[in-house]
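The block underneath contains the structure these notes are about, expressed in structure tokens.
Just so it is clear, none of the values below were taken in a lab; they were calculated from the coordinates. Values in this document were obtained by computation on a predicted structure and should not be read as measured data. No Cβ is skipped: glycine too gets one built from the backbone with ideal geometry, and neighbour counts run over all protein chains shown.
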Amino acid sequence: MLKVIEVLAGSDKSWEDASLNAIREARETVCGVKFVCTNNLEAQVENNQITAYRINDKISFEPE
């Protein structure tokens, strides 16, 4: 059996880095992360340049 939590995360580098940040954040409170499903990719734009990447991840893990 797996449980799922939803995590919002961001990065100034990339969506992939934002997703890694979400996993790092989730691992502070849960163990056994198995899957990540990324939804709602967003980018903040300033002066025609992307300045921040944001994601909404659903993280599946095995409860202890």
Seminar exercise, completed: Note, Trp15: beta-carbon cut-off 13 Å, +1 each Lys/Arg, -1 each Asp/Glu, net -3
Exercise. Hey, what's the Cα Rg ratio for the chain versus the globular rule of thumb, 2.2 N^0.38 Å?
Worked result: 1.21
Exercise. In which sequence would Val4, Val33 go, from the one with the fewest C-beta neighbours within 10 Å to the one with the most?
Worked result: Val4, Val33
Problem set entry | Segment Glu6-Leu41, extension gain: residue separation times 0.36 nm, minus the distance between their alpha carbons | 11.2 nm
For this session: Any chance you could run the full-extension gain for Lys58 through Lys34? It's 0.36 nm times the residue separation minus the Cα-Cα distance, nm to one decimal.
Result: 7.6 nm
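What does the charge dipole of the chain about its Cα centre add up to, to the nearest 20 debye, if the Cβ of each Lys and Arg holds +1 and the Cβ of each Asp and Glu holds -1? Working shown, then result.
Working: 7 positive and 11 negative charges, 32 e Å.
The dipole magnitude comes to about 160 debye.
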